[in-house]
């Protein structure tokens, strides 16, 4: 009779009941378990960052499938949790989004995207702004009166304006240890062709991302890269496209607005200097995506006494002044270099 076996998920092999406990203590099993647990934690962190619905209850295989197809399916609203959907709803100026269930919110977003003339689904602020843009007085008028006047106005004009909302879609990628994050930003409005307006349309989203990361990490560095697509018409009438990537050097983020402005200015200059040469016939067709890379780093800070590692102590090449709880270590270091005491140079009495 064949003995009963248990499948080891981490090692992908069948182990007999008798030897399973011993197998779980084996070095190879523990290594495999560590690797797969790291992968699972990484996928869950990725799902959390990208606001995937119900990610806590998904297994590794399901998370892998979602991540693999995320780029193609990221416009599928059913993937996202209620917080992400509310964020999309706010950008679309939807009405009473806090009162809607997740399924109802998905239906309303789809309706507004498909029918931009459904003013009843929009917020009062959106309707008032639209009325002002079209020269309609809004004082003392109710929401219903404004909607009726807008419909009459657009019927007279023979067209309803296209929706102007530009939804910035953000995909987040994180390193296993979380020290590095990459954010891929794409615009829903593909009519923004010029580089400067394209970058400016993403300023607020980039600022929000950086400020959120600064809440957890005081010292971060960042850089922006851009993917563009150029095109030209060939002699035979066919269109030829040429993708190009522009990347900037990483900078310390001391002030968020200054960092963004600096990166935007450098990016515009980089694209101008490195685009397909004049005479080639190529023109900018579209900006495909912006990539924001942020990583934690440990800036050098002055402080109080910290004991040197034994390896450095034994070399007897460094003087580590024992300054206790005060913050004058830098001053003591300068005085030590200038005055060069012959004995007990690590004691602060030599410099007081």
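Any read-out appearing in this document is the output of simple, stated calculations on the displayed coordinates, not a laboratory observation. The structure presented is a predicted model; accordingly, all values stated were derived computationally and were not measured. Note: ideal-geometry Cβ built from the backbone for every residue, glycine included; neighbour counts use all protein chains shown.
Using Cα pairs under 8 angstrom and six or more residues apart, how large is the relative contact order of the chain, in percent?
Values: 398 pairs, mean separation 40.1, N = 352.
Taking the mean separation of contacting Cα pairs over the length of the chain, I get 11 percent.
Any idea what the relative contact order of region 1-66 is, in percent, if you count C-alpha pairs under 8 Å spaced at least 6 apart? Don't skip to the answer; put the middle values down first.
Numbers: 39 pairs, mean separation 13.1, N = 66.
The value is 20 percent.
Projected onto its three principal axes, the C-alpha set of region 180-296 covers 56, 27, 22 Å, listed from the longest axis down.
How would region 46-164 be classified by its alpha-carbon gyration tensor: rounded, prolate or oblate, with rounded meaning a/c under 1.5 and the a/b versus b/c comparison settling the rest? Since a/c reaches 1.5 and a/b is larger than b/c, the shape of region 46-164 is classed as prolate.
Rounded to the nearest 10 degrees, the angle from helix 256-274 to the longest Cα principal axis of the chain is 70 degrees. Here the Gaussian network model covers the chain, with springs between Cα atoms less than 10 Å apart; of 18, 266, 33, 18 fluctuates the most. Expressed as a whole percent, the proportion of Cα-Cα pairs in region 310-350 lying more than 15 Å apart is 40%. Within the listed set 79, 119, 130, the Gaussian network model of the chain (springs between alpha-carbon atoms below 10 Å) gives the highest mean-square fluctuation for 130. Taking 72, 51, 223 as the candidate residues, the one with maximal mean-square fluctuation in a Gaussian network model of the chain, Cα springs under 10 Å, is 72.
With r as the distance between the Cβ atoms of residue 235 and residue 330 and R0 = 56 Å, compute the FRET efficiency 1/(1 + (r/R0)^6) and round to 0.05.
Working from the Cβ atoms, E equals 0.25.
Highest mean first, what order results for 248-255, 24-31, 207-214, 81-88 on Cβ atoms within 10 Å? If you can, show how the numbers build up before the last one.
Working: 248-255: 13.4, 24-31: 11.9, 207-214: 14.9, 81-88: 16.9.
The most tightly packed comes first, giving 81-88, 207-214, 248-255, 24-31.
Quick one: pull the percentage of alpha-carbon pairs in region 245-352 with a separation above 18 Å. Tail fraction, whole percent: 69. Computed packing ranks the peptides 231-241, 191-201, 340-350 as 191-201, 340-350, 231-241, most packed first, by mean other Cβ atoms within 10 Å.
A straight chain from residue 98 to residue 13 at 0.36 nm per residue would run longer than the Cα-Cα distance by 25.7 nm.
What separates the Cα centres of region 69-137 and region 1-37 is a distance of 50 Å. With 39 Å as the cut-off, how large is the P(r) tail for the chain, expressed as percent of Cα-Cα pairs? Tail of the P(r) past 39 Å holds 45 percent of the pairs.
Remark: the residue 31-residue 245 segment gains 73.1 nm on full extension, using 0.36 nm per residue and subtracting the alpha carbon distance. When every Cα-Cα distance of region 21-79 is counted in 5 angstrom steps from zero, the calculated P(r) takes the values 4, 18, 24, 19, 11, 10, 7, 5, 3, 0 percent.
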